[in-house]
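Undergrad: Have a look at the structure that comes next, please.
The values are calculated or read from the model by the stated rules, or taken from the named source; none is laboratory data. Keep in mind the model is a prediction, meaning the values are calculated, not measured. Backbone-built Cβ (ideal geometry, glycine too); neighbour counts: all protein chains shown.
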Amino acid sequence: METTSQENISQVRSTLPRTLGLVSAIAVLIGSTIGTGIFRSPAGIALKVPHEGPYLLLWALGGFFSLCGALTLAELASALPHTGGVFVYLREGWGRLPAFLFGWSELTIIRASALGAVSTVFAEYLLRLLRIDSPRGVHYVAAGAILLVAVFNILGVKLGALVQNLTTAAKYGALVILVVAAFVIGGNNSLPPPAQPIEVPSNTTLVMFGLAFISLLWVYDGWADVTFLSGEVKLPERNLPLTIIGGTLAVIAIYLLANFAYLHLLDIPQIANSKLVAANTAYRIIGETGVKLVSIAVMISAFGTLNGSMMTGPRIFFAMADDGLFFKKIASVHPRFKTPHVAISLAAALAIIFVMIRSFEQLADAFVLAIWPFYAGAAGAVYALRRKRPDLRRAYRTWGYPITPALFILAVALLIGNALIEDVGHAARDNFAYYRALFTGGTLPYDSSGALLVFTIVLAGIPAYFIWNSVQTRRDRLPNPAKL
């Protein structure tokens, strides 16, 4: 049974040619990870964790647990280098239902939330540079950006990779320059007080630490995205582990250095009151010119991440359809461009709908809460496959096994548990206001991640799976007119 499954996988994956080399694959990982978070999220994190020590500890822990996940998934990527990545690992490790739930979540929450959140920040800073004050216009510009990167990726994976390589080099280089300038030049300008200062609490709680960790995982997320493109990476047994581990280490390094630079020139209250902490850091160094340069860097960074997410995410829809768990049409490959054009178009359409009705914070939190449990499930597949398929060729084996995957799974379990406990308590106390805010895109009556709504949608995939299988079974039993 397993042999047949593997044969089918090989036949299916050959429809997408392997055109991505090591450099392009690393650019996809770094470009998908370094988006808007390192420029925007420190404010929310500092507000929840208002002390330098715990603040830096949180960033270090985020990097450590992300590395544990990367070290684990690198083994699966080398052993199962097929389009869909995490989808394939869940299916081969745990069966079709968990894989379907991942695809369902990508379809209903994950991919549209990711594309929507990143495109929103791109639009905000484009309009800011053009000095256009139009809150509604942000939604339209974001939708236009989604449509543009969809076209790039339909026209060919090489064009998408070129955009990714250029934007990744620009954003990583901009952060390196900012870090060096902060320590070499220092702060030459005093930061003006914020127009509407936010009061920073004097202490934090374990719950707030956990909620800050959710925001932090949005910043670190992206190291697994390259696995969705596994079927298009050259020499995958060698290049995928190098990409996942090397790219993740590069991201962790620049994130920690950037935060040391922020804290070198700004204090915690200043960071908490800054929606664009990198711009305030640049202002301290060279004034208004620095703010404009960082705004351009944020735009480039967001556009690159948007492109990376559009390159990777639709491959899950493609793999899902290939496996008979979604409409076969979604697995169509463009005859000229050799790209999954229908899957890309579907992802773009869903993202445009989401970006028109949801805020950045709602999109980002929904993404993290929906996708990280599946990362944990994929990490757990390492244990399952070592037991079920010890003969599977593994060019790389997880460093620190079996402790490394366990640490990653434990971190995700604590994160999700904290978010759910907090949301259940709030919903019980103020049920109507909670759900009205979640479903209408309004402001929650308290600091919440929306975990209840996210997991309700994810679990709705269970009956959807059995309904899909029932319909497919009934359809398979119908007589084929061509054979009559």
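Okay, residues lined up against (1) surrounded by fewer than 24 Cβ atoms within 10 Å (Cβ to Cβ); (2) of a type outside the set (A, V, I, L, M, F, W, C); (3) modelled with pLDDT of 90 or more:
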site	(1), (2), (3)
Ala321	yes, no, yes
Ala343	no, no, yes
Glu361	yes, yes, no
Phe374	no, no, yes
Gly380	yes, yes, yes
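Undergrad: Looking at (1) surrounded by fewer than 22 Cβ atoms within 10 Å (Cβ to Cβ); (2) touching a residue at least 24 places away in the same chain (Cβ under 8 Å); (3) farther than 30 Å from Phe87 by Cα, which is the one condition that is false for Ile300?
TA: Going through (1) surrounded by fewer than 22 Cβ atoms within 10 Å (Cβ to Cβ); (2) touching a residue at least 24 places away in the same chain (Cβ under 8 Å); (3) farther than 30 Å from Phe87 by Cα one by one, Ile300 breaks only (3).
Undergrad: Keeping to the stretch 232-266, report how many residues are charged (D, E, K, R) and without any contact (Cβ under 8 Å) to a residue 24 or more places away in the chain.
TA: 0
Undergrad: Return only the number of the condition from (1) on the phi > 0 side of the Ramachandran plot; (2) surrounded by fewer than 24 Cβ atoms within 10 Å (Cβ to Cβ) that Gly222 does not satisfy.
TA: (2)
Undergrad: Something else now. In this structure, is Ile214 in contact with a Leu (Cβ under 7 Å, 6 or more places away or on another chain) and touching a residue at least 60 places away in the same chain (Cβ under 8 Å)? Write out each step before concluding.
TA: Details: in contact with a Leu (Cβ under 7 Å, 6 or more places away or on another chain): yes; touching a residue at least 60 places away in the same chain (Cβ under 8 Å): yes.
Spelling it out, Ile214 is indeed in contact with a Leu (Cβ under 7 Å, 6 or more places away or on another chain) and touching a residue at least 60 places away in the same chain (Cβ under 8 Å).
Undergrad: Taking the options Val163, Val200, Val121, Val138, name whichever one is in a loop (DSSP other than H, G, I, E, B), over 30 Å from Tyr465 (Cα atoms), of a type in the set (A, V, I, L, M, F, W, C) and touching a helix residue (DSSP H, G or I) at 6+ places or on another chain (Cβ under 6 Å).
TA: That would be Val200, the only listed residue that is in a loop (DSSP other than H, G, I, E, B), over 30 Å from Tyr465 (Cα atoms), of a type in the set (A, V, I, L, M, F, W, C) and touching a helix residue (DSSP H, G or I) at 6+ places or on another chain (Cβ under 6 Å).
Undergrad: Hey, among the residues in the stretch 323-341 that are part of a helix (DSSP H, G or I) and among the hydrophobic types (A, V, I, L, M, F, W, C), which one's surrounded by the most Cβ atoms within 10 Å (Cβ to Cβ)?
TA: Ala331
Undergrad: I would also like to ask the following. Could you list, in sequence order, the residues of the stretch 15-43 that are surrounded by 24 or more Cβ atoms within 10 Å (Cβ to Cβ), assigned to a helix (DSSP H, G or I) and of a type outside the set (Gly, Ala, Ser)? Please lay out each step first, then the result.
TA: Of the residues in the stretch 15-43, the ones surrounded by 24 or more Cβ atoms within 10 Å (Cβ to Cβ) are 20, 24-25, 27-40, 42.
Imposing the further condition that a residue be assigned to a helix (DSSP H, G or I) reduces the set to 24-25, 27-33, 37-40, 42.
If the condition is that a residue be surrounded by 24 or more Cβ atoms within 10 Å (Cβ to Cβ), assigned to a helix (DSSP H, G or I) and of a type outside the set (Gly, Ala, Ser), then Val28, Leu29, Ile30, Thr33, Ile38, Phe39, Arg40, Pro42 are the ones that fit.
Undergrad: Moving on. So in the stretch 212-236, with the set limited to residues that are within 12 Å of His82 (Cβ to Cβ) and part of a helix (DSSP H, G or I), which one is farthest from the chain's Cα centre (by Cα)?
TA: Per the stated criteria, the residue is Pro236.
Undergrad: Yes or no: Phe318 at negative phi and touching a Leu at 6+ places or on another chain (Cβ under 6 Å)?
TA: no
Undergrad: Next question. From Gly450, Gly442, grab the single residue that is surrounded by 15 or more Cβ atoms within 10 Å (Cβ to Cβ), modelled with pLDDT under 75 and farther than 25 Å from Gly95 by Cα.
TA: The unique qualifying residue is Gly450.
Undergrad: Any chance the stretch 425-432 includes a residue that's among the acidic types (Asp, Glu) and either in a helix (DSSP H, G or I) or at pLDDT 65 or above (or both)?
TA: Within the stretch 425-432, none of the residues are among the acidic types (Asp, Glu) and either in a helix (DSSP H, G or I) or at pLDDT 65 or above (or both).
Undergrad: Could you please find all residues in the stretch 47-76 being of a type in the set (Val, Ile, Thr) and in a helix (DSSP H, G or I)?
TA: If we filter the stretch 47-76 for residues that are of a type in the set (Val, Ile, Thr), which is where we start, we get 49, 72.
Thr72 - this is the single residue of the stretch 47-76 that is of a type in the set (Val, Ile, Thr) and in a helix (DSSP H, G or I).
Undergrad: Looking at Lys292, Lys338, which one is at positive phi and not small (Gly, Ala, Ser)?
TA: Just a single option satisfies the conditions, and that option is Lys338.
Undergrad: Sticking with this structure for a sec: So Lys234 passes all but one of these: (1) modelled with pLDDT under 90; (2) over 18 Å from Leu56 (Cβ atoms). Which condition number does it fail?
TA: (1)
Undergrad: Would you check if Ser119 is in contact with a Leu (Cβ under 9 Å, 6 or more places away or on another chain), surrounded by fewer than 16 Cβ atoms within 10 Å (Cβ to Cβ) and either of a type in the set (S, T, N, Q) or within 19 Å of Ile316 (Cβ to Cβ) (or both)?
TA: Details: in contact with a Leu (Cβ under 9 Å, 6 or more places away or on another chain): yes; surrounded by fewer than 16 Cβ atoms within 10 Å (Cβ to Cβ): no; either of a type in the set (S, T, N, Q) or within 19 Å of Ile316 (Cβ to Cβ) (or both): yes.
It is false that Ser119 is in contact with a Leu (Cβ under 9 Å, 6 or more places away or on another chain), surrounded by fewer than 16 Cβ atoms within 10 Å (Cβ to Cβ) and either of a type in the set (S, T, N, Q) or within 19 Å of Ile316 (Cβ to Cβ) (or both).
Undergrad: Quick one: Ser78 ticks every box in (1) surrounded by fewer than 24 Cβ atoms within 10 Å (Cβ to Cβ); (2) at pLDDT below 85; (3) of a type in the set (S, T, N, Q) bar one, so which box is it?
TA: Every listed condition holds for Ser78 apart from (2).
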